[in-house]
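The values are calculated or read from the model by the stated rules, or taken from the named source; none is laboratory data. Not measured: the values here are computed from a predicted model. FYI the Cβ positions are ideal-geometry reconstructions off the backbone, even for glycines, and counts take in every protein chain you see.
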Amino acid sequence: MLEQRRHQRIRFGVPPRAKVGFGGKIGEACIENLSMSGLMMHCDIPLEIGQSAGCEFSLFGSPVMDVSVTVVSRLGDLYGARFQAGLINQVVIEDAIRGALASGKASILSVHEVGGRKIMRIAGGLNGSLRNDFMHALTRVGVDEIDLAGVTQVEQAGLALCVVATERHGAVLGEQSVCFAEAWKFALTLPGNLAV
């Protein structure tokens, strides 16, 4: 899981809603994840791989984005779609992602090798939506340190992941944002175990 993607994948604690237009039909969708190059969404109307669709969404109060996408993958009602080129769309999407990360409503998890050590970096919200990627990094890739300097919001499920990382996998907590440091300090004073 060492970061090889051209654009980082953004996950959401609460998936944003979207409207999708395809073949004369309008459907509802939930965005599973998003990057600067595309998105993954659950959609209630069937889409076709290789075909274009319209997608309209807003990220937690951002201006509404109306983008054209090309469907590139499908698994049941889960579709991968690549944004069709457009500089204005790219700027609007980048601004919306930046705002969602700053508010903690979106998250980025990446793993980098630095000086022979594997460092997991988390930016935005530290929450349960990161569980699959977090546990994959811990159990399959191996993580020496977790950099939490970019965390902007903390939920109990995110703290529980850090407990698992430190107590069961020997990961060390590295740099920490103020909000994470305060939440972690408070969590350590509570009786019982946060781990799920």
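Answer with yes or no whether VAL67 is within 17 Å of the chain's Cα centre (by Cα) and not small (Gly, Ala, Ser). Show your work before the answer.
Numbers: within 17 Å of the chain's Cα centre (by Cα): no; not small (Gly, Ala, Ser): yes.
When the stated conditions are applied, VAL67 does not pass them.
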For PRO46: the one exception among (1) buried (at least 20 other Cβ atoms within 10 Å of the Cβ); (2) not in a strand (DSSP E or B): (1)
Residues (β-branched (Val, Ile, Thr) and surrounded by 14 or more Cβ atoms within 10 Å (Cβ to Cβ)) located in region 74-103: VAL92, ILE93, ILE97
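Quick grid of which residues meet (1) closer than 21 Å to GLY27 by Cβ; (2) of a type in the set (D, E, K, R); (3) out of contact with any Pro (no Cβ under 9 Å at 6 or more places or on another chain); (4) in the same structural domain as THR152 (by TED's automatic domain parsing):
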position	(1), (2), (3), (4)
GLY54	yes, no, yes, no
GLY61	no, no, yes, no
MET65	yes, no, yes, no
THR70	yes, no, yes, no
GLY76	yes, no, yes, no
GLY80	yes, no, yes, no
GLY86	no, no, yes, no
GLU94	no, yes, yes, no
ILE97	no, no, yes, no
Residues of region 169-196 that turn out to be more than 21 Å from GLU113 (Cα to Cα), part of a helix (DSSP H, G or I) and not aromatic (Phe, Trp, Tyr), as a count: 9
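Can you name every residue in region 67-112 that is touching a residue at least 24 places away in the same chain (Cβ under 8 Å), in contact with a Cys (Cβ under 9 Å, 6 or more places away or on another chain) and not β-branched (Val, Ile, Thr)? Write out each step before concluding.
Narrowing region 67-112 to residues touching a residue at least 24 places away in the same chain (Cβ under 8 Å): 67, 69, 71-74, 77-84, 89-90, 92-97, 99-112.
Add one more test, that the residue is in contact with a Cys (Cβ under 9 Å, 6 or more places away or on another chain), and what stays is 67, 69, 77-79, 81, 83, 104.
Listed by number, the residues that qualify are ASP77, LEU78, TYR79, ALA81, PHE83, GLY104.
Just to be sure before I move on: is GLY124 at pLDDT 95 or above and touching a strand residue (DSSP E or B) at 6+ places or on another chain (Cβ under 8 Å) in the structure I sent? Give the derivation first.
On the way: at pLDDT 95 or above: yes; touching a strand residue (DSSP E or B) at 6+ places or on another chain (Cβ under 8 Å): yes.
Criteria met by GLY124.
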Filter pass, VAL151 being closer than 27 Å to GLY54 by Cα, touching a strand residue (DSSP E or B) at 6+ places or on another chain (Cβ under 8 Å), buried (at least 17 other Cβ atoms within 10 Å of the Cβ) and not acidic (Asp, Glu): no
Conditions (1) on the phi > 0 side of the Ramachandran plot; (2) surrounded by 15 or more Cβ atoms within 10 Å (Cβ to Cβ); number of the one not met by GLY24: (2)
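Scan region 135-146 and tell me whether some residue there is part of a strand (DSSP E or B) and either surrounded by 15 or more Cβ atoms within 10 Å (Cβ to Cβ) or at pLDDT 95 or above (or both). Quick ask: steps written out before the conclusion?
Within region 135-146, the subset part of a strand (DSSP E or B) is 145-146.
Checking which are either surrounded by 15 or more Cβ atoms within 10 Å (Cβ to Cβ) or at pLDDT 95 or above (or both) leaves us with 145-146.
Within region 135-146, one or more residues are part of a strand (DSSP E or B) and either surrounded by 15 or more Cβ atoms within 10 Å (Cβ to Cβ) or at pLDDT 95 or above (or both).
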